[in-house]
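Since the structure comes first, as structure tokens, the remarks are kept for the end.
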Amino acid sequence: MSTARPSVTVWSLSAAAVCVMLAGCSASVHVGGSEPKVSADKLADTVSERLAAQTGRPKPDISCPEDLAGKVGTTTRCTLTADDGTTLGITVNVTSVKGSQVNFGIKADDKASPAPR
């Protein structure tokens with residue numbers, strides 16, 4: 001008798017959802033400059049690390065299209081992409097700024113989008 005194993009897609013997208021349900025992920029980044037902001041690359045890496053830490057799984061592939069301004073209430077949308085191309089949207093929201101430290105919340109969408117055909 002064989003047992004079915006969940007695909008990487010199911011795991012990756014489930015991992016993001018678990019993170020949101022369990023703890024409502026949050027993170028913070030120290031940045032320099034007169035007006036704090038988190039670069040798109042640093043933001044993607046931080047979100048990926050946070051999701052991996054919350055789920056105990058490898059870092060998922062996350063991309064963020066723009067820098068995140070260090071101003072409370074600012075949001076941006078990032079995307080988790082599974083190995084098969086399925087995607088899950090992730091909203092990142094600045095919750096507080098203390099000097100050069102930008103704190104933000106991470107919330108995954110409830111539904112994934114299928115891979116493009």
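Structure values in brief
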quantity	calculated
Residue satisfying condition, being farther than 25 Å from Arg117 by Cα, surrounded by fewer than 20 Cβ atoms within 10 Å (Cβ to Cβ) and in contact with a Ser or Thr (Cβ under 7 Å, 6 or more places away or on another chain), within set Thr75, Thr81, Thr86	Thr75
Conditions (1) under 24 Å from Glu35 (Cα atoms); (2) not charged (D, E, K, R); (3) not in a strand (DSSP E or B): number failed by Val94	(3)
Residue in the range 51-58 that is assigned to a strand (DSSP E or B), closer than 27 Å to Arg117 by Cβ, under 10 Å from the mean Cα position of the chain (by Cα) and not polar (S, T, N, Q) present	no
Any hit, the range 34-53, residues being surrounded by 13 or more Cβ atoms within 10 Å (Cβ to Cβ) and out of contact with any strand residue (DSSP E or B) (no Cβ under 9 Å at 6 or more places or on another chain)	yes
Neighbours by Cβ (under 6 Å, 6+ apart or cross-chain): first from the range 52-78, within 15 Å of Asp41 (Cα to Cα) and charged (D, E, K, R); second at pLDDT below 95 and surrounded by 19 or more Cβ atoms within 10 Å (Cβ to Cβ)	Asp67/Lys37
Failed condition for Leu68, given (1) under 13 Å from Cys25 (Cβ atoms); (2) at pLDDT 95 or above; (3) crowded, with 20+ Cβ neighbours inside 10 Å	(1)
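The values are calculated or read from the model by the stated rules, or taken from the named source; none is laboratory data. In this text the structure is predicted, and so the values were computed from the model without any measurement. Cβ coordinates were reconstructed from backbone atoms using ideal geometry, including for glycine residues, and neighbour counts include every protein chain displayed.
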